[in-house]
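Enquirer: Please find one structure pasted underneath; my questions will follow.
Since every read-out is calculated from the coordinates, none of them should be taken as a lab result. This structure is a prediction, so every number in the text was calculated from the model and none was measured. Here the Cβ positions follow ideal geometry from the backbone for every residue, glycine too, while neighbour counts run over all protein chains shown.
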Amino acid sequence: MPIRPVLPVLLLASLLSSTAIAAGHTAVPPAETRKAPSTQPVIPLDAPDFLVGLVAARADDYAVSARAYSAALAADPNNSELLRQAFSEAALAGAPNAAELARKTIARPAGKSILTAFVLGNDAVLHDRWTEAAQAYGTMPVDALTNILSPLLQAWCLAGEKKYTDAISLLTSPARAISPAAPFYVGHAGLIAALAGDTTQAKKLYDKAATLFPGSDLLMNRARANLLWQTGHQSEARDLLRATTGTDTILSLAEPELQESIDTSPISSAKDGVAHAYVLVAFILRQQALHAPEAESMQQINVASAMMLRMALSLDPSLGIARLMLSEIEESLGHRNIAIAVLKDVPTTNPLTRVAQYSVALLQDQTGNRDEARKTLESLSHDAPTLVLPIRALGTLLFESKDWPGAITAFSKAIDNARASHTLDWSLLFERAAAYERAGDWNKAEADLQEARKMVPDEPLVLNFLGYGWIQRGLHMKEAQDLLQRALSLDPDDAAIRDSLGWAFLRNGNLNRGSELLEHAAEQTPLDPEVNYHLGVAYWDMGRKTEAIDQWNVALGLKPEADDKTRIENALNFAKTSETNTKFPIKDSPVTPPGPVTGSN
């Protein structure tokens, strides 16, 4: 079932105030609660360690900021504000001194917070002090977030004390049944039953959780598969994991490792359960971000979710799912280098390691490190030769690098894999067609587009590509115009299709209608050099020579691709030497490539 929006941003104040402090911001209380100016020592703005910490915190570089703030605190140990900042950064960095700073923080007035509860509770969990952990978690302020998280943490603390029956009862009580998190409570109750060795009760709880939340959940499906394996249903267990990973998803990269670890429970201790409780709440928060009314609210919720994931990683630094989720959040916040660093710490023994490597490759490509991204994708494609995803991503990277033969080879392998697994979709054919077209082999590009058109007869992108390709080569001119008219009727706001149709009208002799469409397209996309070139040709043939030359100069200044640049320069040279009444000579693009092109249809 979809998670309903139950965590308004205002109810996350206790958590978000901690993140504001960590980032070097001061949370401003409501006017009626403000007190007289404090005698708190002011942090000198020229203190080097403080400034390093401030800059690093704003960049979410928690390891650097934690060290810098701790150094600043050592020089000014009585500064409460500096203590709070040093503690927040140490907590988010998972620094060894986080628990010590938390104890110092709660000793100060109003020092207790959700973050001190997490850190002190986690420290107790790491040392198997379960009663102490439960007490620390019990100090969390009450709000919508902690109302969901607290039962999970308390139940796992009971499981840590081997009070399994009490833990399960806590999560399956009538009060929990009416919570929007009820499916997850039941699922975690099943995990606790499995940890206790009660496979019968674990199965019942897993089945109930699946009924309440029929969506695919990796943790629960791994746990159910392990239970099936233990109880002699090996074939059913493997089928469940196959259904979980799918045939063409990022998770399919992990299927061999997930199958290999099927005889191992994903939760081997109560500590693992606590870590996954944080991951679960991070997931719920991420769902809330999708419903956030404003971008700022979405960012705040993402920051809170990231904090939850960092708490999970402080308990289990190797937790792959937490690192994948955290990396996704850091990327959404614009911290791509941090996102890469988070993923690179996924150990090679983790079943999700290849998923992490794939995600790193995409991030490396986005940050300009294309060579490393290519190596990673080539390695993944070699290790998983039957999958579509990595070889297709490699094809996209090579296409963006203008390695047309390499892109064709990669896309061809992806298409072969997709045909074998019965998952071929039109967009993959479209991508190879684009590579063939760029390589100059229109015949093969056209064959892919025609096959794609059979799959999706009313897809505007396919109709536009095929119709414009014909027009550019002087082929099937009337049919091409009809295709483009159909494409524009399906997507009337698309400037590229409008430009293609205007060019088709011009090529077919309807200059007035063509110029109208081209002018409209140029208004929509004034920075497109090809559109401006087309409009210049229309103006020339209408006798508006000066406007045509102006349009081509504009196009030339927009940094066109090499082929377009040559075409525009030729147009300007033509204008210098031609008679004013000479019609503009349009040269058809070649149909066959100038040399051999690798790949196959």
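Enquirer: If r is the Cβ-Cβ distance from ASN508 to ALA420 and R0 is 41 Å, what FRET efficiency results, to the nearest 0.05?
Expert: 0.45
Enquirer: Summing -39500 (n - 2.57) over the DSSP H runs of n ≥ 4 in the chain and dividing by its residue number, what mean residue ellipticity at 222 nm do you reach, to the nearest 500 deg cm²/dmol?
Expert: Computed mean residue ellipticity for the chain: -21500 deg cm²/dmol.
Enquirer: Restricting attention to segment 239-347, which GluC sites (Glu not before Pro) occupy a DSSP loop and are surrounded by at most 16 other Cβ atoms within 10 Å? Walk me through the intermediate numbers first.
Expert: Working: sites: GLU257, GLU260, GLU294, GLU296, GLU328, GLU330, GLU331; in loops: GLU294.
Qualifying residues, ordered by number: GLU294.
Enquirer: What's the center-to-center distance, using Cα atoms, between segment 511-586 and segment 454-501 in Å?
Expert: If you average the Cα positions of each part, the centres end up 21 Å apart.
Enquirer: Provide the FRET efficiency to the nearest 0.05 for the ASN147-SER80 pair, computing r from the beta carbons and using R0 = 30 Å.
Expert: That pair, ASN147 with SER80, gives E of 0.55.
Enquirer: Read phi for every residue in segment 508-515 and hand back ³J(HN,Hα) as whole Hz from Karplus 6.51 cos²θ - 1.76 cosθ + 1.60, θ = phi - 60°, with x for Gly and Pro.
Expert: Result, rounded to whole Hz: 8, x, 9, 5, 5, 5, x, 5.
Enquirer: Okay, next question. Apply the Karplus parameterisation 6.51 cos²θ - 1.76 cosθ + 1.60, with θ equal to phi minus 60°, to every residue of segment 117-134 and state each ³J(HN,Hα) to the nearest whole Hz, in sequence, with x for glycine and proline.
Expert: With coefficients 6.51, -1.76 and 1.60, one gets 4, 4, 5, 5, x, 5, 4, 5, 4, 4, 10, 6, 9, 6, 5, 5, 4, 4 Hz.
Enquirer: So for the chain, what percent of the C-alpha to C-alpha distances run longer than 38 Å? Can you show the working numbers first?
Expert: Details: 87031 of 180300 pairs.
When all Cα pairs of the chain are counted, 48 percent exceed 38 Å.
Enquirer: Through the Karplus equation 6.51 cos²θ - 1.76 cosθ + 1.60, θ set to phi - 60°, convert the phi angles of segment 324-329 into ³J(HN,Hα) values in whole Hz; use x for Gly and Pro.
Expert: Computed from phi, the couplings for segment 324-329 are 5, 5, 5, 4, 4, 5 Hz.
Enquirer: Give me the percent relative contact order of segment 312-440, please, defined on Cα pairs under 8 angstrom at least 6 residues apart.
Expert: Once divided by the residue count of segment 312-440, the mean separation gives 15 percent.
Enquirer: For segment 158-209, compute the orientation-averaged projected area of the C-alpha convex hull (one quarter of its surface), in nm².
Expert: 3.1 nm²
Enquirer: Rounded to the nearest 20 Debye, what is the dipole magnitude of the chain about its Cα centre when Lys and Arg each give +1 and Asp and Glu each give -1 at the C-beta?
Expert: 1040 debye
Enquirer: Enter the Cα centre distance for the pair segment 60-122 and segment 287-348, rounded to the nearest angstrom.
Expert: With segment 60-122 and segment 287-348 each reduced to a Cα centre, they are spaced 21 Å.
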